[in-house]
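Heads up, the thing below is written out as structure tokens.
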Amino acid sequence: MSSNTQTNPAASGVDIQSLNEAVHNIQIHLNNTTTYYTLTDSELIELENLGNSIIKDILFCSIGVFISTIISGTVAILKPDAILSTEILINYLFSSGSFTIGVLTAIIWIKEKKRRDDIIKKIKEKPAYKLQK
């Protein structure tokens, strides 16, 4: 458990006595080296929604398309009879589009990661309560 136990739980609006009475018959085996946190429904839903995002999938897909089209376009340019052909143009058009999509989704993914980290930080900063018999 955390060592910063709150001494006046009534100040935060939590009725420790009724909480203790409600959980009196429940047996919980705790590990003294582990810290446990409580989550509200809104925090849990927010974390779940952040975990269900497909932004990372789109990012990795666009990276794959970018790399393959750059390689294909470079091979087409290195051919001995290479001229500005439709093949080269299409490869570089797709590579630039996938690069743009990759950059945009990377920015969104970083923002989502920051939001998730902020939620976790807020959960960890909640005051600790020591349940008593």
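The values are calculated or read from the model by the stated rules, or taken from the named source; none is laboratory data. The structure displayed is predicted, hence computed values, not measured ones. Glycine gets a Cβ as well: all are built from the backbone with ideal geometry, and neighbour counts include every protein chain shown.
In the stretch 78-89, the condition of being farther than 30 Å from Asp15 by Cβ, buried (at least 17 other Cβ atoms within 10 Å of the Cβ) and in contact (Cβ under 8 Å) with a residue 12 or more places away in the chain is met by at least one residue. Would you confirm whether any residue within the stretch 24-34 is modelled with pLDDT of 80 or more and polar (S, T, N, Q)? Looking through the stretch 24-34, none of the residues is modelled with pLDDT of 80 or more and polar (S, T, N, Q). The helices (runs of 4 or more DSSP H) falling completely within the stretch 34-133 that include 3 or more residues that are basic (Lys, Arg) and over 30 Å from Asn20 (Cα atoms) map to 86-124.
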